[in-house]
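The values are calculated or read from the model by the stated rules, or taken from the named source; none is laboratory data. Everything quoted here is computed from the prediction, not taken from an experiment. Neighbour counts are summed over all protein chains in view; Cβ atoms, including those assigned to glycine, are modelled from backbone coordinates with ideal geometry.
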Amino acid sequence: MLRGICIGLVSSVVIALGIDVANATAESRTSDEAAITAIEKEMAAAQTVDGVVRSWDENVVWYDLMPAEVHGSKAARERFDEQFKGVTNLRTKILRMSVRTEGNMGYAYSTQEFISDVPKGGPGLDFIFRETDLFIKKAGKWRLVHQHISVPVDFATGKAVFSNVDPLTHPDGK
């Protein structure tokens, strides 16, 4: 009988510890997902290159809308510097976003609308794009290690669709 009580007591402790570990993991994931969400919002609201790349890892790999892979934060910063010369008054809206973390890895994918003015006047930019970001947690901070940006493609013409109509909510393009 004493053996049965001991086994029951040990089982209860193990179950309780398992629940505490599961709760701690869920709380950590929620906190980590909130941290990545904050980084995503900071990048979308940025008006400067520093604001965009503040959380980028030095070994980041970036697939921008422009051709070529960009390797390293220095090269990404140089590319962004060029791009920022052609736009002002950025107004990026996150239309939809999902964030997930597991241990020291996390990701975010989103659909966003990029709106800007151009420095020399004329029509500004306004188009929908998709963004996927991969993060690794280093020394307690989330660092973006890969970003991939894309726009929808019209397969009939083979051309990118730079439109402010969200293809998910308006599949007919209107």
Worksheet item: Restricting to the range 56-72, what's the tally of residues that are of a type in the set (Gly, Ala, Ser) and either within 21 Å of Arg96 (Cβ to Cβ) or modelled with pLDDT under 95 (or both)?
Response: 1
Worksheet item: Thr48 is checked against (1) among the polar types (S, T, N, Q); (2) modelled with pLDDT of 95 or more; (3) surrounded by fewer than 17 Cβ atoms within 10 Å (Cβ to Cβ) and fails just one. What number does that condition carry?
Response: (2)
Discussion item. Which count do you get for residues in the range 106-159 that are in a strand (DSSP E or B), more than 18 Å from Val60 (Cα to Cα) and among the small types (Gly, Ala, Ser)?
Written reply: 2
Discussion item. Being among the small types (Gly, Ala, Ser), assigned to a loop (DSSP other than H, G, I, E, B) and over 11 Å from Asp133 (Cβ atoms) is the filter here; which residues of the range 43-57 pass it?
Written reply: Ala46
Practice prompt. Go through the range 94-108 residue by residue and tally those that are surrounded by 13 or more Cβ atoms within 10 Å (Cβ to Cβ) and of a type outside the set (A, V, I, L, M).
Written response: 4
Item to complete: State whether the residues of the range 70-88 include one that is touching a residue at least 40 places away in the same chain (Cβ under 8 Å), surrounded by fewer than 16 Cβ atoms within 10 Å (Cβ to Cβ) and not in a helix (DSSP H, G or I).
Response: no
Worksheet, complete the sentence: Here the qualifying pairs (Cβ atoms under 8 Å; residues six or more apart or on different chains; first in the range 134-154 and more than 18 Å from Ile94 (Cα to Cα); second in a strand (DSSP E or B) and acidic (Asp, Glu)) come out as Ile136/Asp57; Lys138/Asp57; Arg143/Asp57; Val145/Asp57; His146/Asp133
